[in-house]
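This report concerns only the one structure given below.
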Amino acid sequence: MVQQADEQKISPTSLKTQARMIDAVVDVVARHGISGTTFANVSATAGVSQGALVFHFKTKDGLLTETLSRLLQEYEQAWSAAFASPDPLTRILGLIRADFSPSICSRKKLALWFSFWGEAGAKPLYNKICVESEIARYEAMLASCRDLVEMSGGPDPVLLTNSIDAFTDGLWLQMHMQGFPITRTEAFDSALAHLRLLLPHCADQI
């Protein structure tokens, strides 16, 4: 992957070009899916030559793998910021807020998430990258839930974590499906309402 190379050897112009190519992949996958994503339509969207794509990413699979890696890095940066607080409820709220932030939960990004998840079963590398990221995110939520339950009581931390994450997954799916439109703000409000049901003793803080 590109980011495994020494980025100090890559010029600022090349880094900007790579970022534009990755942004183009997001647009193309949102419109055509992974199977319909080609060097031709990515290069046209990015405004670069197909040769430039080959130079930076070698193959379509290399381009998609790098896109997935950057998507997950962006997601990790968003949710890890919640861990700056020592308060477990604040961390839980921060993790949920990250899931519905504009940079993570746009319709284009959701199309990308679901496209990669759909391919993960057939692509071991996609699966490995997704699983590693999901484990880190899950453990962050579980640790916060355990700390909260230990401090103020509540349901079993594992069940609490699974319920929060399953509800978020369902909201993401509802946002992604054209037949069940729901805005990002409505989804976030629903996630908070669900959390109040799970933690009635903390409802006035949510």
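The values are calculated or read from the model by the stated rules, or taken from the named source; none is laboratory data. This is a predicted model, so every value here is computed, not measured. Backbone-built Cβ (ideal geometry, glycine too); neighbour counts: all protein chains shown.
The conditions of being farther than 15 Å from residue 95 by Cα, crowded, with 17+ Cβ neighbours inside 10 Å and in contact (Cβ under 8 Å) with a residue 60 or more places away in the chain are met by residue 129.
Screening 151, 141 for residues that are modelled with pLDDT of 90 or more, closer than 21 Å to residue 94 by Cα and more than 18 Å from the chain's Cα centre (by Cα) leaves exactly one candidate, 151. Go through the residues of region 68-91 one by one and say whether even a single one is polar (S, T, N, Q), part of a helix (DSSP H, G or I) and either in contact with a helix residue (DSSP H, G or I) (Cβ under 7 Å, 6 or more places away or on another chain) or at pLDDT below 90 (or both). Scanning region 68-91 turns up at least one residue that is polar (S, T, N, Q), part of a helix (DSSP H, G or I) and either in contact with a helix residue (DSSP H, G or I) (Cβ under 7 Å, 6 or more places away or on another chain) or at pLDDT below 90 (or both).
Of the residues 142, 53, 148, which is in contact (Cβ under 8 Å) with a residue 40 or more places away in the chain and in a helix (DSSP H, G or I)? So the residue among 142, 53, 148 that is in contact (Cβ under 8 Å) with a residue 40 or more places away in the chain and in a helix (DSSP H, G or I) is 148.
Per the conditions (1) of a type outside the set (Ser, Thr, Tyr); (2) surrounded by fewer than 19 Cβ atoms within 10 Å (Cβ to Cβ); (3) within 25 Å of residue 27 (Cβ to Cβ); (4) touching a residue at least 24 places away in the same chain (Cβ under 8 Å), the sole criterion not satisfied by residue 71 is (2).
Using the structure shown, decide if residue 27 is farther than 16 Å from residue 118 by Cβ and either at pLDDT 95 or above or loosely packed, with under 15 Cβ neighbours inside 10 Å (or both).
Answer is no for this residue.
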